[in-house]
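Asks: Below you'll find the structure I mean.
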Amino acid sequence: MKKLFVTSALVLAALSSTANAAEEYDPFEPINRGIFEFNTVVDGLLLKPAAQIYRGVVPEYGRERVSNVVNNLGEPVTVVNSVFQGDAENAFTSLWRFIINSTFGVLGIFDAASEVGLKPRSEDFGQTLRVWGIEESPYFVLPILGPSTFGDTTGLVVDWYTNPFNYEGTTNEEFVVGYTVVRAIDKRTNLLPVTDELDRTSLSRYAAYRSAYLQNRESEANNSK
Amino acid sequence: MQHTEVRIYKIANLKLTIQNNMKLLALIITLLPAAAFGYECKSPEVFAKSVSADVVKIVESPSSDDTKEKQLKAMFDEIVDTERMAKFSLGKNYRNLKPEEQSEFKEVYHNFIMATYIPSFKKYNGEKVEVINTKTAGAGDVIVSTKILGKSGPETLINYRLARKGACYKVADIIAEGVSLINTQRQDFDSVISRKGYPELVTLLKSRSKSQ
């Protein structure tokens, strides 16, 4: 079974193409454009203003602290995926980052681990699939969540389940909801400079976002290899 | 005896002066392309360092925004290869254009890039640029990795693709977080061409060059 899996992964690796400038594989473009427009409206009404207010009201120091907590809670997923990718070094780095930041870093508020030389490199299941060579995927846009691929969507699901903070026993539902909201605003705020720049410089927002997303995911996967 | 010595000394001095002048002339010739500004072309790393130093010097100077913009624009043409970027951004569509259309596009693209990216200097807030390393890429290009250090700490990694141009280098692409500017532009422009046609692309680029 393992041999079959490895062989098929290798075959797919040979077939998989890098998302370069040649042609971006977007067979669902009409639907995607529709969802992208929808997302833009929702983003404009809810998420972006929330992020802008957050950025305007909370000083950078405070926002960094929140980001640190959010990133810290994401470390277990990185550990799991680094193991899946056979990256023992990053698995241990991430594990130690989690331990150090949760203790010395006061529940993740301070990134003490970086001071000691343990730099963050987050991994998710979408990247794991790419490292395994399985990412021959069309591009699609998820409602609300935005750009994705087969691997990234699978990744979202897998990451949800492999995140110990989402388990019923560990934490309660209110925490998970709260954490998800904070995570969404944190991520949106961090992406504000990027989205503002893309909006400003692109002629077709849809094409620019798609290209930036696919290139970025590809490069993240290459960094993991 | 003394007389002869003085003569020899004088002749030696004359030789030295000629040698110095030759060295000076050689120096001027090698620096001629860069003579307008301070940057050097010895190596991609040296080039990157001196260009960023020059840009910071212009932006930090006490002159007016208009003066700074003019200076940056003058520098821009020497260090950015918009012609190559223009061709790449159209991809295979470039070959389908007539020669007049091709030259028109190169100019429109050039103005678009200048109008879009030069005014960003106004957002400068004391950032420092650090050149980290260089790596050869395909076709004689070099990728220079730089780190932008913000005042309060955030670091941004930006890579520049430099192409050899004559005795010096020119920027052919900017890559951040794995996202290449010209790759993104190629997808962007291709989308406009296939949905709205090439003339619309030119119109959009022209209008963006005015309203920035």
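Every number in this text was worked out from the coordinates using simple rules, so none of it is lab data. What you see is a predicted model, and the numbers here were worked out from it, not measured in a lab. Glycine gets a Cβ as well: all are built from the backbone with ideal geometry, and neighbour counts include every protein chain shown.
Asks: So how long is each side of segment A:131-191 along the principal axes, counting just the alpha-carbon atoms, biggest first, in Å?
Replies: Dimensions of segment A:131-191 along the principal axes of its Cα atoms: 37, 27, 19 Å.
Asks: Here's something else I'd like to know. List the relative contact order of segment B:30-167 as a percent without decimals, with contacts defined as Cα pairs under 8 Å and 6+ residues apart.
Replies: Numbers: 134 pairs, mean separation 26.0, N = 138.
Averaging sequence separation for qualifying contacts and normalising by length gives 19 percent for segment B:30-167.
Asks: If packing is taken as the average number of other Cβ atoms within 10 Å across a peptide's residues, how do A:55-62, A:68-75 rank, most packed first?
Replies: A:68-75, A:55-62
Asks: Here's a follow-up. If you split all Cα-Cα distances of segment A:153-225 into 10 Å bins from zero, what percentages do you get per bin, shortest first?
Replies: 16, 33, 32, 17, 2
Asks: Given the options A:Q52, A:P30, A:L118, identify the residue whose Cα lies farthest towards the positive end of the charge dipole of chain A (+1 on Cβ of Lys, Arg; -1 on Cβ of Asp, Glu).
Replies: Among A:Q52, A:P30, A:L118, the one farthest towards the positive end of the dipole of chain A is A:L118.
Asks: Here's a follow-up. Going by how many other beta carbons lie within 10 Å of each one, how would you line up B:D141, A:D87, fewest first?
Replies: Going from least to most buried by this count: B:D141, A:D87.
Asks: Another question, if that's okay. From zero up to wherever the largest Cα-Cα distance of segment B:54-212 sits, split into 10 Å bins and tell me the percent of pairs in each.
Replies: Over segment B:54-212, the share of Cα pairs per 10 Å bin runs 10, 34, 37, 17, 2, 0 percent.
Asks: Here is a follow-up. Would you kindly state how much longer the chain becomes between B:N93 and B:R164 on full extension, computed as 0.36 nm times their sequence separation minus their alpha carbon distance, in nm to one decimal? Intermediate results must be reported in sequence, preceding the final value.
Replies: Details: separation 71, 0.36 × 71 = 25.56 nm, distance 2.51 nm.
The span from B:N93 to B:R164 would gain 23.1 nm if fully extended.
Asks: Sticking with this structure for a sec: Filter the cross-link list A:K119/B:K147; B:K123/B:K151; B:K68/B:K106; B:K49/B:K123; B:K49/B:K70 down to pairs whose alpha-carbon distance in this structure exceeds 23 Å.
Replies: B:K68/B:K106
Asks: Moving on to the next point. Restricting attention to segment B:52-114, which trypsin sites (Lys or Arg not before Pro) occupy a DSSP loop and are surrounded by at most 12 other Cβ atoms within 10 Å?
Replies: Passing both the DSSP loop test and the Cβ count: B:R95.
Asks: Then there's this: Run the numbers for B:A139 and B:E104: contour at 0.36 nm per residue of separation, minus the present Cα-Cα distance, in nm.
Replies: Stretched fully, the B:A139-B:E104 segment lengthens by 9.9 nm.
Asks: Nearest 0.05, what FRET efficiency do A:T153 and B:L157 give at R0 = 35 Å with Cβ-Cβ as r?
Replies: The calculated FRET efficiency here is 0.80.
Asks: Treat the count of other C-beta atoms within 10 Å as a stand-in for reagent exposure and order B:F189, B:F88 from fewest to most.
Replies: The fewest-first ordering by Cβ neighbours comes to B:F88, B:F189.
Asks: Per DSSP helix of 4 or more residues, -39500 (n - 2.57); summed, then divided by the residues of chain A. What does that give at 222 nm, rounded to the nearest 500?
Replies: Only helices count here, giving -21500 deg cm²/dmol.
Asks: Between B:V129 and A:L45, what is the label-point separation in nm under the 7 Å Cα-to-beta-carbon projection?
Replies: A separation of 4.3 nm, rounded to one decimal place.
Asks: Out of all Cα-Cα pairs in segment B:120-212, roughly what percent, to the nearest whole number, are more than 19 Å apart?
Replies: 58
Asks: Which order results if A:R33, A:R217, A:R130 are arranged by neighbouring Cβ count within 10 Å, fewest first?
Replies: Working: A:R33 19, A:R217 23, A:R130 26.
Least to most surrounded, the residues fall as A:R33, A:R217, A:R130.
Asks: Further question on the same structure: Once a ≥ b ≥ c are taken as the square roots of the eigenvalues of the Cα gyration tensor of segment A:66-225, is the result rounded (a/c under 1.5), prolate (a/b larger than b/c) or oblate (a/b not larger than b/c)?
Replies: Numbers: a/c = 1.56, a/b = 1.38, b/c = 1.13.
Prolate.
Asks: Which whole-number percent is the relative contact order of segment B:123-208 (Cα, under 8 Å, 6+ apart)?
Replies: 16
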